1. From (1) at pLDDT 85 or above; (2) assigned to a helix (DSSP H, G or I), pick out the condition that doesn't hold for MET59.
2. So, in region 173-221, exactly how many residues are closer than 30 Å to GLY15 by Cβ and of a type in the set (S, T, N, Q)?
3. With TYR166, TYR170 as the choices, which residue is closer than 18 Å to THR13 by Cα, outside any helix (DSSP H, G or I), in contact (Cβ under 8 Å) with a residue 40 or more places away in the chain and of a type in the set (Phe, Trp, Tyr)?
4. So if I check each of TYR215, TYR170, TYR152, which one is over 30 Å from GLN19 (Cα atoms) and either in the same structural domain as THR13 (by TED's automatic domain parsing) or of a type in the set (Phe, Trp, Tyr) (or both)?
Amino acid sequence: MQQEVDKEITAFTTGSYWQATEFRLNFTLFMLMFTLPFAFTMLLPIFILGYWLVSSGIMQNYHQHANAFKIMAYVGVGLGAILEVSGLLVAQHPAAIEIMVLQGVGEALFFIGQFVMTVGYFGLVMRLLTHEKWQKRLAVFAPMGRMALTNYIMHSIVLTSIFYGYAGGYFGEISRAPQMLLVLAIIIFQLLFSRWWLSSYAFGPLEWLWRCLSYKKLQPMRIK
């Protein structure tokens, strides 16, 4: 296990773009053996839940279901936090350095916890939206959500450019507190950028590209 950790450090600190990508791809394929079964069993219920919420009319009349969303928030966030913390404790246990299966179990617990936490976050947001003052406060995030794909790729490029050896080379050099400030700065920038972009265009750049590919023809982008 320590040998794999050393390979990761080498790939991300001194490796080229292709070396870092190759390591990440191999690691992802390995972890999929443990997480894919859990991903399927968690993703399918979430899709079914989403379909039911829309088809049943709950989403259209969400004000009438404030208590249900409140329960969803408490259970989802609470249980999700327990699973995530348990997963981290198992994956980071000293024994996991030598026992790969143990780390896989920890990663799987954390993975499941993320999906449960997602349901909790959804319930929390929907509960807050039943209050008019929170509707106005949360509206600031709407432009960022409309450009989710663009923002996801953007922050991936920014962070890999900062941390990976082929660019900034700060992998392992920045402590947790500055990391959180960096994340906050990126979020604020993306909020402002998304608002500015959507004041002139109907879609984010990558959302527009995806829409063109889906409809197999160029889509209007600029707001008339």
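1. Here MET59 clears every test but (2).
2. 3
3. Details: TYR170 fails: in contact (Cβ under 8 Å) with a residue 40 or more places away in the chain.
None of the others qualify; the one that does is TYR166.
4. Residue meeting the stated conditions: TYR215.
The values are calculated or read from the model by the stated rules, or taken from the named source; none is laboratory data. What you see is a predicted model; the values in this text were computed from it and never measured. Quick reminder, even Gly has a Cβ in these numbers, built from the backbone with ideal geometry, and neighbours come from all protein chains shown.
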